[in-house]
Amino acid sequence: MFVSSVKPLSYDRTLESKNRESFRTYIQQRKKYLVAKRAFDLVLSVAAIVFIMSWLLPVLALMIKLSSKGSAFFVQKRVGFLGRSFNCYKFRTMVMNKEADSMQAVHNDPRITRMGKFLRNSNLDELPQFFNVLMGDMTIVGPRPHMHSDCENFAEVVDNYKFRNIVKPGITGLAQVKGFRGPAKTYESIFKRYQWDAFYVRNANFWMDMRIVRKTAAQTVYFIYKLIVPGAVAENPQAGGKKAYRKLLLDMRQRMNSIV
């Protein structure tokens, strides 16, 4: 049940037809961008699968299997492009439970394993979704895909919420780099995420996608860097990610110089 000091907005079912019209207009106005976006999705997905997941995936899968019983992967029906359902792939971060398809994770959720907490905080649990991107169900940057139950519940309290579904869901998105991660339990948290998602849908361009990818990478590097270097502190995840990234480049340059 969502707790809010704001009166929920009614959901007008006729907005579905308006969204279809918005989609046709969106496609007509952004043909070049969408072609470039798909090309970028394919290149980055293949690169991630070949150069990162080829060795990291079996390592993480083994650690997940050793940490708790069950499959290393978690497959769930999510809401995709134009509201279509698709199988979304993730690393399993919880113990096996019957509520996984209906109940959001909460802060300090007892269902989340120790390994799962690391995967969630570092965004590494989303790595298998590069296969979703390769298959065309998702994109690198876009609104995050919801469980069907969440999508229906959110649409009941935020007017025209399903407008965000006129684009493919993403591995990362504008709302996520703005700090809106984890469970959405109040009207305010749902509405603010929707605002960022709607802003992205209306204003998306190739360079905005590049900035979102860069910030997501910085946040991931920052979290992993904190684990590797005890006591590492930064003003914020983005700044920490940049510092860690610069340190990594400096170390690589020093090694190259020593070889030469």
Ranked output for segments 50-57, 112-119 by mean other Cβ atoms within 10 Å, highest leading, reads 112-119, 50-57
Taking only Cα atoms of segment 110-192, the Rg to Rh ratio with Kirkwood Rh works out at 0.97
The set of residues whose placed amide H lies less than 5 Å from the amide H of N160, leaving out same-chain residues fewer than 5 positions away, is D12
Packing-ranked peptide list from 94-107, 150-163, 194-207, highest mean Cβ count within 10 angstrom first, is 150-163, 194-207, 94-107
Violations at 28 Å Cα threshold for listed pairs K31/K162; K117/K215; K98/K178 -> K98/K178
The percentage of the accessible area of segment 70-178 (probe 1.4 Å, all protein chains present) made up of carbon and sulfur atoms, to the nearest whole number, is 55 percent
Phi-derived 3J(HN,Hα) across segment 219-226 with the Karplus relation (6.51, -1.76, 1.60, θ = phi - 60°), rounded Hz, x for Gly and Pro, is 5, 5, 4, 4, 5, 5, 4, 4
Once amide hydrogens are built 1.01 Å from N within the peptide plane, the residues lying 5 or more places from F73 or on another chain with amide H under 5 Å from its amide H are R92
Hits in segment 87-122: amide N under 12 Å from the 7 Å Cα→Cβ extension of L227, namely 114-122
Listed by chain and number, the residues whose amide H is under 5 Å from that of K178, excluding neighbours fewer than 5 places away on the same chain and using placed H, are none
If each part is reduced to its alpha-carbon centroid, segment 132-206 and segment 68-94 end up apart, in Å, by 16 Å
The simple spin-label model distance between L34 and V106, using points 7 Å out along Cα→Cβ, in nm, is 4.1 nm
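The values are calculated or read from the model by the stated rules, or taken from the named source; none is laboratory data. Remember, predicted model here, so these are calculated numbers, not experimental data. Glycine also receives a Cβ, built like all others from the backbone with ideal geometry; neighbour counts cover every protein chain displayed. To get the accessible areas, we keep the full protein, side chains included, count just its heavy atoms, and leave off ligands, DNA and RNA. Shrake-Rupley method; radii C 1.70, N 1.55, O 1.52, S 1.80 Å.
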